[in-house]
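The values are calculated or read from the model by the stated rules, or taken from the named source; none is laboratory data. Quick caveat: nothing in here was measured; it's all calculated off a predicted structure. Don't worry about glycine lacking a Cβ; one is built from the backbone with ideal geometry, like all the others, and counts go over all protein chains shown. Please note that ligands, DNA and RNA were not included when accessible areas were found on the heavy atoms of the full protein model with its side chains. Shrake-Rupley method; radii C 1.70, N 1.55, O 1.52, S 1.80 Å.
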Amino acid sequence: MNEDTHSEILLHVNGVKHCLSVDNRTTLLDALRERVGHTGTKKGCDHGQCGACTVLCDGRRVVSCLMLAVAAEGAEVTTVEGLGGDGELLPIQQEFVRLDGFQCGYCTSGQICSAVGMLAEYAEGWPSAVTAPGSEPVLDAVEVRERMSGNLCRCGAYPSIVRAVLETAARGEVTG
């Protein structure tokens, strides 16, 4: 192994530490799927355009196909497998199921991770591109669509995804 192109890293994934030796060019997505075994994170376009690989890194949304694994060292990475706990689904996951916020399911893990991240951003008062300048964001369908626009669904489950996000937010139960 060439030491110039490999690094020993410690990844914190869903609360578990993983010591890995990785090629410096290994993406976080590939490390999660191939080295850690978390296959809920999907490889879609591999260009950061579809959002299927969205995970949370220190609570913020990232497309893991564009982030190098070495850049995630020291961060807390949360995949769809790490959401919820004790076999319980988060309220947002429950709403995705209840409202049919998925069809084929391929994008669902990225959609759910993105929804958790965007609801946290909204709760912190972060504006989006559709938030009126100088005003507080108002979470409505337009705002949700804009904030979730980095996550594509080829099946067209967008209306149900937007409803799931809005209904979860209305109850104030993002993370349980």
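A few notes on this one:
- Considering residues of segment 18-42 that are without any contact (Cβ under 8 Å) to a residue 40 or more places away in the chain and touching a Leu at 6+ places or on another chain (Cβ under 6 Å) only, the residue surrounded by the fewest Cβ atoms within 10 Å (Cβ to Cβ): Cys19
- Of all residues in segment 113-164, those satisfying the criterion of being outside any loop (DSSP other than H, G, I, E, B) and under 17 Å from Gly59 (Cα atoms) are Cys113, Ser114, Ala115, Val116, Gly117, Met118, Leu119, Ala120, Glu121, Tyr122, Ala123, Arg147.
- Restricting attention to segment 33-81, the residues that are in a loop (DSSP other than H, G, I, E, B) and either closer than 10 Å to Cys113 by Cβ or among the hydrophobic types (A, V, I, L, M, F, W, C) (or both) total 13.
- Residues being surrounded by 17 or more Cβ atoms within 10 Å (Cβ to Cβ) and either assigned to a helix (DSSP H, G or I) or of a type in the set (D, E, K, R) (or both) - total across segment 88-108: 7
- Glu76 meets the conditions (1) free of Cβ contacts under 8 Å to residues at least 24 places away in the same chain; (2) surrounded by 15 or more Cβ atoms within 10 Å (Cβ to Cβ) in every case but one. The failed one is (1).
- Scanning segment 125-149 for residues that are within 21 Å of Gln93 (Cα to Cα) and either open to solvent by less than 20 Å² (accessible area, probe 1.4 Å) or of a type outside the set (A, V, I, L, M, F, W, C) (or both) returns Asp140, Glu143, Val144, Arg145, Glu146, Arg147, Met148, Ser149.
- Selection within segment 84-136 - over 22 Å from Cys50 (Cα atoms) and of a type in the set (Gly, Ala, Ser): Gly84, Gly85, Gly87, Ala123, Gly125, Ala132, Gly134, Ser135
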